[in-house]
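Read-outs: derived from the displayed coordinates by stated rules, not from any lab. Being a predicted model, the structure only gives us computed values, none of them experimental. Methodologically, a virtual Cβ is constructed for each residue, glycine included, from the backbone with ideal geometry; neighbour enumeration extends over all protein chains shown.
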Amino acid sequence: MRSYIGREIESATYTEYFDGDGQREILMKNYPVTTLTSFEENTGTIQTPVWTAVDSSTYKLSPNIAKLFLTFYKTRGFQNFKVVYEAGYETIPGDIKLATLKLASGYYNRRTSDGIKSEGVAGDNIVYDTTEIPSDVFIILNAYRDV
């Protein structure tokens with residue numbers, strides 16, 4: 001599921017580096033953000049970075065979309081902003097647990113029919129679902145997918 005969602009969902013600490021591109025936003029990879037540990041700018045060089053805390057009055061965090069809105073334009077540079085934060089869910093949401101159970105039960109139920117697409121007995125025909133992930137699981141996971 002992680003590969004389909006495109007991000008981690010369990011709570012963890014992340015360190016990400018961003019290029020200064022003259023824009024006023026920073027979009028982190030993982031969400032929801034539960035703690036912003038530090039937001040720093042490199043005031044040194046690439047070879048010898050000097051990380052300086054960005055004044056907290058100059059940005060606002062939107063935790064559900066993991067975006068920092070800045071009151072300044074990012075100084076142009078390569079990997080000159082560093083964000084350390086905690087994101088994800090301490091408790092996995094119930095619908096993700098449900099999707100996991102549905103996926104696992106689907107694999108379990110196909111254990112005797114793996115590779116068989118259909119079979120018939122006395123005029124009746126059964127067609128098996130051969131998709132890797134059933135559509136109802138896709139519907140649940142799409143709400144968490146990183147697009």
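Remark: segment 14-23, residue by residue, has Karplus-estimated 3J(HN,Hα) of 10, 10, 10, 10, 10, 7, x, 10, x, 9 Hz, where x stands for each Gly or Pro and the curve is 6.51 cos²θ - 1.76 cosθ + 1.60 at θ = phi - 60°. Axis angle, to the nearest 10 degrees, between helix 94-109 and the longest C-alpha principal axis of the chain: 40 degrees. Taking max minus min of the alpha-carbon positions on each principal axis, segment 1-106 gives extents of 54, 28, 20 Å, largest first. Modelled this way, with points 7 Å down the Cα-to-C-beta line, the labels at T52 and E40 are 1.3 nm from one another. In terms of distances greater than 21 angstrom between alpha carbons, the cross-link table entries K60/K82; K29/K74; K29/K102; K67/K102 yield K29/K102; K67/K102. Contact order for the chain, expressed relative to its length and based on alpha carbon pairs under 8 Å spaced 6+ residues apart, stands at 32 percent. A Cα-only calculation for segment 11-59 places Rg and Dmax at 12.0, 33 Å.
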